[in-house]
Amino acid sequence: MTSAGSLSGFAADAAAALTSTSTRWSITDAPMYVPARPGLYAFFGDEQAYQDLDIVSDAHPSASLDLPLYIGKAGKSFVSRDLGDHFAALPDSIARTGGSTVRRSFAALLRDELDLHSVPRSLKNPGYFSMYGLAGDGDAKLTAWMHARLTLAVWPRPEGMRTPLVDVETELIRRFTPVINLDKNPKKLARLKAARKAMSAEARAWQPVSD
């Protein structure tokens with residue numbers, strides 16, 4: 001481990017693990033390999049994903065198939081957070097965009113490509129429109145796209161690590177500037193912020209269908 005026990009050392013180890021192609025799995029295969037432990041995770045996209053998301057290197061220098069689209073942390077378990085909440089890759093799991101900021105970001109950029117429409121995440125008690133859900137079969141279409149186009153890598157938190165996991169996450173986001181990350185990212189994708197704002201506005205304008 002580089003600089004054992006230091007933030008820089010943990011960040012270096014995490015960066016190496018997350019960018020290694022030998023420990024990157026398809027979403028359907030991930031449940032066989034991802035441990036039920038806390039740590040950091042990264043999503044990567046294939047060439048079609050970059051086309052669908054309309055991400056080009058000239059517009060954002062970090063747009064590369066070898067670099068993560070998104071980096072996040074699982075405070076309790078990769079299995080529940082990644083495979084359940086984000087991907088619905090576990091038996092009987094249902095990923096809901098209203099409960100996942102990364103799904104909301106993907107949905108905003110794929111709005112036209114997948115014909116997605118936003119609604120309040122709670123139709124019975126509309127509010128918190130920035131945390132929008134998806135109408136109709138939108139969640140199913142987004143989940144299918146994520147299963148087909150994304151891969152996952154993880155870095156389990158080392159036993160006994162005292163450095164806050166969020167600090168290591170911040171270091172990696174600042175280093176790689178993943179295009180889907182908005183928080184802590186020094187090179188935010190301006191188009192993503194605007195796309196999420198448009199989805200929030202659509203959710204705010206939602207009205208229940210009259211009988």
> Once label points are set 7 Å from the Cα along Cα→Cβ at both residue 92 and residue 135, what is their separation, rounded to one decimal in nm?
Replying inline: 3.2 nm
>> Run the reach check for residue 193 against aspartates and glutamates, Cα to Cα strictly under 13 Å, same-chain hits fewer than 8 apart removed. What comes back?
In response: 183
>> I'd like the accessible area for residue 175: 1.4 Å probe, protein heavy atoms, all chains in place, Å² to the nearest 10.
In response: 150 Å²
>> Just want the answer: with Cβ charges of +1 for Lys and Arg and -1 for Asp and Glu, which residue in 107, 72, 22 is farthest toward the dipole's positive end in the range 1-156?
In response: 72
>> Over the range 99-144, with the other protein chains present, what is the accessible area per residue in square angstrom, probe 1.4 angstrom?
In response: 48 Å²
> Mind checking the dipole of the chain: about its Cα centre, +1 per Lys or Arg Cβ, -1 per Asp or Glu Cβ, Debye to the nearest 20?
Replying inline: 780 debye
> Cα axis of helix 7-19 to longest principal axis of the chain: angle in degrees, 0 to 90, nearest 10?
Replying inline: 60 degrees
> Once fully extended, how much extra length lies between residue 193 and residue 32, figured as 0.36 nm per residue of separation less the alpha-carbon to alpha-carbon distance?
Replying inline: 54.5 nm
>> I need the fraction of alpha carbon pairs in the range 147-211 separated by more than 16 Å, rounded to a whole percent.
In response: 67 percent
>> Suppose accessible area is computed on protein heavy atoms with a 1.4 Å probe; arrange 131, 32 from highest to lowest.
In response: 32, 131
> Do the sum for the chain: with -39,500 (n - 2.57) for every DSSP H run of n ≥ 4, divided by all residues, what is the mean residue ellipticity at 222 nm, to the nearest 500 deg cm²/dmol?
Replying inline: -10000 deg cm²/dmol
> In nm, to one decimal, how far is the residue 51 label point from the residue 201 one, both placed 7 Å along Cα→Cβ?
Replying inline: 3.0 nm
> For the range 89-199, what does the equivalent ellipsoid look like in terms of its semi-axes, each the square root of 5 times an eigenvalue of the Cα gyration tensor, given largest first in whole Å?
Replying inline: 27, 18, 15
> In nm, to one decimal, how far is the modelled label at residue 65 from the one at residue 161, with both set 7 Å along Cα→Cβ?
Replying inline: 2.9 nm
> Which of the peptides 18-24, 68-74 is most tightly packed, and how do the rest follow, judged by the mean count of other Cβ atoms within 10 Å per residue?
Replying inline: 68-74, 18-24
> Share of the chain's accessible area from carbon and sulfur, percent, 1.4 Å?
Replying inline: 51 percent
> Going by alpha carbons, how many degrees (0 to 90, nearest 10) lie between the helix axis of 190-204 and the longest principal axis of the chain?
Replying inline: 40 degrees
> Based on the alpha carbon coordinates of the chain, what radius of gyration and maximum Cα-Cα distance (Dmax) apply, in Å?
Replying inline: 17.3, 65
>> Suppose the chain between residue 117 and residue 80 were pulled fully straight at 0.36 nm per residue; how much longer would it get relative to their current alpha carbon spacing?
In response: 10.7 nm
>> List the residues, sorted by chain then number, that are 5 or more residues from residue 119 or on another chain and whose placed amide H is less than 5 Å from its amide H.
In response: 133, 134, 135
>> Which GluC sites (Glu not before Pro) in the range 96-187 sit in a loop by DSSP (not H, G, I, E or B) and have at most 11 other Cβ atoms within 10 Å of their own Cβ?
In response: 159
> Taking Cα atoms, how many degrees apart are the long axis of helix 138-149 and the longest axis of the chain, rounded to 10 and kept between 0 and 90?
Replying inline: 30 degrees
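The values are calculated or read from the model by the stated rules, or taken from the named source; none is laboratory data. If you're wondering where the values come from, they're calculated on a predicted model, not measured in any experiment. Cβ sites come from the backbone with ideal geometry, for glycine too, and all protein chains shown count toward neighbours. All accessible areas refer to the heavy atoms of the entire protein, side chains included, with ligands and DNA or RNA removed. Shrake-Rupley method; radii C 1.70, N 1.55, O 1.52, S 1.80 Å.
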